[in-house]
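Worksheet: the structure to be examined is printed underneath.
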Amino acid sequence: MSENNEETTTIGARLKAARTAKGLTIDDLQQITKIQKRYLIAIEDEQFDKLPGDFYVRAFVKQYAETVDLDGNALLEEYRDQLPSVHTETIVENVDEVQPTRVASREHPASPASRVRNYLPTIIVTAIVVLILLFIWFMAVRTHAGSSSSTSADSSSVQVSSSKKQSSSSKASSSAKSSSKASSAKEQTIKANGSSDTAYTLTNGADKNKVVIKSTKAAWTSVTTNGTQTWQGTLKADGSHTLTLPSNATTVKFQFGNATATTVTINGKAFNFNPKNSTSQVRTIILTIK
């Protein structure tokens, strides 16, 4: 019995018993402490010579003890005779250097390269945004320039078109003047056919000749074009009637009921249908249009 009590009071047995009481396996303990499994087994078997060095023995024992809810410092003090004689503070410092905790790792100041890596995503995003804005600005400037040149081209087109229209107008005006001159060169004439005073010929008339009939006294008049009556009626004293002959008119027959009181103009020019001053009131005049 004394041997069993002595075994259970060894540091390895106490640590193992505390681990078992917590329901932890060696693998669980390795996961928590980050101490290799073979070192944990060596501690429980008190084979301290299998650990990396004497100062690791106390450090690993202390970490093991605190993980299974034992007082690490008190345990080291209680079993200092069973452990390599290395000062506890030095061991703890060396262990912190070899196996820094996560907190120490987090508190370690970041290097300049690490800071650059941290800000790299932000820098890239900013650069992309700047490039997009520059592209939009470039396209806007290009579009504005294209619009300005298009406007200038349109303005030039309008000017050219206007010049062409003016030129066309000038040509048309010149043509009209030439036509007018040609027309004036060929004046309208109405001449009697030989010695007849009832048959006449109209030359160089209009496409549609305008006829105006006036009377100083009441007078009946009839106009027949190409065999079809165009108009007939009785004019009052100082009355008048205007009619336009069709463009295909070739023969016009005038019948006057009061010839001496009636006058006729064609296209603004007097038609003297009574050159011999006949006193006959009723007369028939035939006008041939050429």
What is the log10 of I(q)/I(0) for region 207-261, computed with the Debye formula using one identical point scatterer on each Cα and no solvent, at q = 0.27 Å⁻¹?
-1.06
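Set the Förster radius R0 to 41 Å, insert the Cβ-Cβ distance between residue 139 and residue 116 as r into 1/(1 + (r/R0)^6), and round the FRET efficiency to 0.05.
Numbers: r = 33 Å, r/R0 = 0.81.
Using R0 = 41 Å, I get an efficiency of 0.80.
Using packing as a proxy for protection, rank 122-132, 66-76 so that the peptide with the highest average count of other Cβ atoms within 10 Å comes first. List each step's numbers first, then the result.
Working: 122-132: 10.0, 66-76: 15.8.
Result, highest mean first: 66-76, 122-132.
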Quick check: net charge around residue 28, other residues with Cβ under 11 Å of its Cβ, Lys/Arg +1 and Asp/Glu -1?
+2
Give, as a single signed number, the net charge of other residues whose beta carbon lies under 13 Å from the beta carbon of residue 275, with Lys and Arg counted +1 and Asp and Glu -1.
+2
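Consider all pairwise Cα distances in region 199-290 and report the whole-number % of them above 24 Å.
Across region 199-290, Cα pairs with separations above 24 Å total 12 percent.
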With a Förster distance of 51 angstrom and the Cβ-Cβ distance between residue 125 and residue 28, calculated FRET efficiency to the nearest 0.05 equals 0.70
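Report the local net charge at residue 265: Lys and Arg +1, Asp and Glu -1, summed over other residues whose C-beta lies under 9 Å from its C-beta. Intermediate values should be presented prior to the final figure.
Working: positive: 210, 214, 269; negative: none.
Result for the neighbourhood of residue 265: +3.
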Round to the nearest 10 and report in Å² the accessible area of residue 78, as given by a 1.4 Å probe over the protein chains' heavy atoms.
110
Contour minus Cα-Cα distance for residue 81 and residue 216 (0.36 nm per residue):
32.0 nm
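Just subtract the alpha-carbon distance of residue 229 and residue 269 from 0.36 nm times their residue separation and send over the number in nm, one decimal. Before the final figure, lay out each step's value.
On the way: separation 40, 0.36 × 40 = 14.40 nm, distance 2.29 nm.
Separation in residues times 0.36 nm, less the Cα-Cα distance, equals 12.1 nm.
The values are calculated or read from the model by the stated rules, or taken from the named source; none is laboratory data. Bear in mind that the values here come from a model prediction, so they are computed numbers and not experimental data. No Cβ is skipped: glycine too gets one built from the backbone with ideal geometry, and neighbour counts run over all protein chains shown. Protein only, heavy atoms only, side chains kept; ligands, DNA and RNA dropped before computing areas. Shrake-Rupley method; radii C 1.70, N 1.55, O 1.52, S 1.80 Å.
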